[in-house]
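Q: Submitted below is the structure of interest, expressed as structure tokens.
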Amino acid sequence: EVQLVESGGGLVQAGGSLRLSCAASGFTFDDYATGWFRQAPGKEREGVSCISSSDGTTHYADSVKGRFTISTDFAKDTVYLQMNSLIPEDTAIYSCAASQDIDRFLAGHPDYWGQGTQVTDSS
């Protein structure tokens, strides 16, 4: 059974930080690109960040560059999203995702999805 289980969401003040975690199971983690999407109320889902398992190449949405950092712990089959300098526009449900083809991930069509975790910036 494939599972992507997110944790670490919550409520923070503007300028604060959160670290999201996504624990993966049920597939060969090392063969997949993993990362995060988000969806704010009334908005379309957008890709936030992803990391390639093959060479560690990272991708970030322009809106989060310099503030968010994605990383992977292969020993734990876990991907993280460190979010700093949070702003109100970051408020959204963040969903972990995985794709065997990074191009499909970048196109918004990953193979697997987590259930999502809420991130709210209070200001």
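The values are calculated or read from the model by the stated rules, or taken from the named source; none is laboratory data. These figures come from a predicted structure and were not determined experimentally. All Cβ positions, glycine included, derive from the backbone under ideal geometry; neighbour counts span all protein chains shown. Quick note on the areas: whole protein, heavy atoms, side chains included, nothing else; ligands and nucleic acids left out. Shrake-Rupley method; radii C 1.70, N 1.55, O 1.52, S 1.80 Å.
Q: On the full set of protein chains, 1.4 Å probe, figure out the accessible area of H109 and give it in Å² to the nearest 10.
A: 110
Q: Related question: Placing +1 at every Lys and Arg Cβ and -1 at every Asp and Glu Cβ, with all other atoms neutral, what dipole size does the chain have around its Cα centre, in debye to the nearest 20?
A: Charge dipole, the chain, about its Cα centre: 380 debye, nearest 20.
Q: Just the Kirkwood number for region 1-107, please: inverse of mean 1/r across all distinct Cα pairs, in Å, one decimal. Mind showing how you got there, number by number?
A: Working: mean 1/r = 0.0718 Å⁻¹.
For region 1-107, inverting the mean 1/r across all distinct Cα pairs yields 13.9 Å.
Q: Something else: May I ask you to list the trypsin sites (Lys or Arg not before Pro) in region 65-106 that are in a DSSP loop and have at most 12 other Cβ atoms within 10 Å of their Cβ?
A: K65, K76
Q: Moving on to the next point. What FRET efficiency comes out for the pair D31/R67, r = Cβ-Cβ distance, R0 = 25 Å, nearest 0.05?
A: 0.30
Q: Okay, moving on. Could you give the length gained by full extension between A75 and A40, i.e. 0.36 nm per residue of separation minus their alpha carbon distance, to one decimal place?
A: 9.4 nm
Q: Looking only at L86, L106, L11, which one moves most when the chain is put into a Gaussian network model with springs between Cα atoms under 10 Å?
A: L11
Q: Would you calculate the separation in nanometres between label points at E89 and R104, each defined as 7 Å from the Cα along the Cα-to-beta-carbon direction?
A: Label at E89, label at R104, 3.1 nm between them.
Q: So how much accessible area does S123 have, in Å² to the nearest 10, using a 1.4 Å probe?
A: 90
Q: Further question: With a cut-off of 16 Å, note down the residues of region 51-91 whose backbone N falls inside the zone around a label point 7 Å from the Cα of S122 toward its beta carbon.
A: Zone members listed by number: 85-89, 91.
Q: Give me the percent of accessible area attributable to carbon and sulfur for the chain, probe 1.4 angstrom.
A: 45
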